[in-house]
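Contents: one structure, followed by commentary.
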Amino acid sequence: MKTKLNGILTLFLALVVQIAIAQTVTGKVTDASGEPVLGATVLVKGSSNATTTDFDGNYSISAVATDILVYSFAGYTPQEVPVGDRNAINIVMEEALDAVVVVGYRSKVQKTTVEAVATVDIEQIEDRSNASALQNLQGLVPGLNIATGSGQPGVDSTIILRGYGSLTGNVEPLFIIDGIPVDEDNFRSINQNDIATYSVLKDAAATAIYGNRGANGVILITTKRGRQNQPLTIRYQSSFGFTDLQEPNINVMSTSQILQYQRLYNVGEGAGLTDAEIATRGQLNVNWLEAFYRTGTAQSHNLSISSGSENSSSFTSLGYFNQEGILQNSSIQRFNLRNNFNGNSVDKKFRYATNISLNYSETNAADGAGSGSTFFNPFTSALRALPYLPVSADGGITPGDIGAITANDAANQVYVNYNSLLMNIDQEQEVKILASVNGSYDLNDNLTVGIITGLDMSTQKRLETINPNSILGPFQVDGTNRPAFGGRQDEDYRREFRFNNQASLQYSNVFNEKHTVNAGAYVEYNKSHLYGFGFDQFGIDSRLYPDGSGFIDPSVQETIGGLLINPYLPSLSSFKIDEGLFSYFANADYDYDNKYGLSATVRRDASFRFQDDNQWGTFYSIGARWNIEEEDFMEDSVFNLLKLRASHGTSGNQRIVNGEFAGANLIRSLYGVGSQYDNTPGTVVNQIGVPDLRWELITQTNVGVDFGVWKNRLNGTLDVYRKSTSDLYQSAPVRQLMQLALSLKT
């Protein structure tokens, strides 16, 4: 009994002692400027006991005197601090000077890169409210220009890096999200809040490894992920904003002013009017800008959940975005769901990751907005509109009776556009799926094998209708006469599927503590498919518009222009395009004592777009760097980085016409189906093949300086480059080609 009592007392004493030495450690985590670091991880080393800092950078964690606390956050240097007998520990985190940047198919420490690379973190753009994730880069990367043809929310942009490299071929960079090549024209469905960093690759040393696709630069996008040993973290972001039309720098006449002007020249509505009549009519002074435009709104909601254990981490996000444009009937609505999962084996030799992103977007646009059309462009109509024309919900006139208002073309223009804006439909829906899985295994301390498989799949449905009761409705079936039914419905469906698979073998070793060698060999296969169909229906029963069931029986005949015809025959179309690419390539990097470095790349590509000897292309690059700040004479300098680098190399452009699938079969003579007499289909020659087509070749030389002083408080980059394109694509009239062929024959 005594023995049992001693045992119980001993256990109780141990618990008392343990409880006595346990303590709660509190503190605050800030950066060098004194600002709190939100979401920094505070971990008891060697355990799963962890917490994160709140909005003010404060934290609280249970620890014992012998524990070591590990403080970490992306972009900052991790710190380890013994607890000891302290109950309060404040930490100032320093930014990591040797930041890791993604370069091609590998990552490098920024200090040792020979490539011209610009990196943009999400912190720089997360407050921007553009519907397109790409438009947010405007003004942040030297040499990168982003142009948008209209103010339509989510509209595609034209992205140009270091100038135009082609006349008729592709001019935009290659975009890659988490290792998946994606279409540059479909970024309206991507949630910018899921993006962690953008890496913009500019020179040949960075882009040659992409061969035939790297001619216009490459933009690599990495998405957010969880961190290992991270406690469950839930974050909600919401924003709401307004947009108004900037007041145009144009003075427009009031009703009285324009009527007096017309009376002076005896034209228009003001001809022959008295001062009293002008004063009476001047009481109606419509501001058509207010009729066409409105105050736009935008709202965004994003919920993310991240967590991590000893050997895995996960990031999941759910997003919603809605924007109403400043032009009537323009909007975008978007839903997003993403999950990124990372893991590794216990011995850390095997690593794997999965990424999946599900996106849906719906856009509504004004017909003719952003186009070069003068008559059907609502932007010009709002400025040319006569202030004495009344505004009404349906455009102000009886459908079809444009001439009943006035013979003035400006009046006709404003009513047609305003009526079309309110009554017609121009809508596009998109479902986009991005998914990838990758894994790597360390064969030994120096060799690693890896594989990544990804797909980009999207479906788009476009619906454009002209209401049979609108002004333009009666003129759709026949341009001059009016059959019993008017209106029109144009509907298209397309499905795109892109598959990418890459296998690699990478070698890394350090010799004599000063010589570092990294090399890689890769094999890559790309396959893309495009399929679509559409129809154009002339004539809609207004009683069933816009339910999609108001199509008129195509066998119905009417007498138009003295002829008995079938005016309601629909026009049908379909298409299918396949393309592929097979490549093998290698790269090698050498570093001596963090002072000097060399880099080389060579790639061979085979494209389905060309044939025979022109099918294969070879591209290369070589680069070098000198880290001057590592020299002895710079020991007491304020420079933490002063790097001189130079590169030279080539890359290619296989896309003969701007567009992923455009011009895919230009080496072959092809036939197509077109509308012939009485809207019946007919077969015609629509392309004469050019079997001698080959790559456009871009050669680029770059010399640059990267610098950072006072621990990167001041940093920057200066680049001087020369970029030239040979074997440019250019279309030629058929007559000139025939004359050239005849001259060669004779």
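The values are calculated or read from the model by the stated rules, or taken from the named source; none is laboratory data. Here the structure is a predicted model, which means the values were calculated and not measured. Please note: Cβ atoms are built from the backbone with ideal geometry, for glycine as well, and neighbour counts cover all protein chains shown. Calculation scope for accessible area: heavy atoms of the full protein, side chains included, ligands and nucleic acids excluded. Shrake-Rupley method; radii C 1.70, N 1.55, O 1.52, S 1.80 Å.
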Ser621 accessible area, assembled protein chains, probe 1.4 Å, Å²: 10 Å²
Gained length - Thr701 relative to Phe582, 0.36 nm times residue gap less alpha-carbon distance: 40.2 nm
Rough spin-label spacing in nm, given labels placed 7 Å along Cα→Cβ, for Arg604 and Lys348: 3.8 nm
Accessible area expressed per residue, the chain, with surrounding protein chains retained (probe 1.4 Å, Å²): 50 Å²
Probe 1.4 Å, all protein chains present, accessible-area order of Ile577, Ile61, largest first: Ile577, Ile61
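Net charge around Asn344, counting only other residues with Cβ within less than 12 Å of its Cβ (Lys, Arg = +1; Asp, Glu = -1)?
Around Asn344, the surrounding residues sum to 0.
Averaging sequence separations of C-alpha pairs under 8 Å and six or more residues apart, then dividing by the length of the range 468-552, give the relative contact order as a whole percent.
33 percent
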Centroid-to-centroid separation of the range 558-624 and the range 267-344 [C-alpha atoms, Å]: 35 Å
Pairs from Lys111/Lys514; Lys45/Lys348; Lys108/Lys349; Lys45/Lys349; Lys28/Lys224; Lys224/Lys643 whose Cα-Cα separation, in the structure shown, is over 23 Å: Lys28/Lys224; Lys224/Lys643
Whole-Hz ³J(HN,Hα) from phi, Karplus 6.51 cos²θ - 1.76 cosθ + 1.60, for the range 523-538, glycine and proline x: 10, 9, 9, 10, 9, 9, 9, 10, 9, x, 8, x, 8, 10, 9, 9
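Report the local net charge at Pro248: Lys and Arg +1, Asp and Glu -1, summed over other residues whose C-beta lies under 13 Å from its C-beta.
Residues near Pro248 contribute -2 overall.
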Neighbourhood net charge (13 Å Cβ-Cβ; Lys/Arg +1, Asp/Glu -1) for Leu289: -1
Gain in span if fully extended, Thr297 to Val109, counting 0.36 nm per residue against the direct Cα distance: 63.5 nm
³J(HN,Hα), Karplus 6.51/-1.76/1.60, whole Hz, each residue of the range 260-269, x for Gly, Pro: 5, 5, 5, 5, 4, 9, 6, 9, x, 5
³J(HN,Hα) computed for each position of the range 599-612 - Karplus, 6.51 cos²θ - 1.76 cosθ + 1.60, integer Hz, glycine/proline x: 9, 9, 9, 9, 9, 10, 10, 10, 10, 5, 5, 10, 9, 6
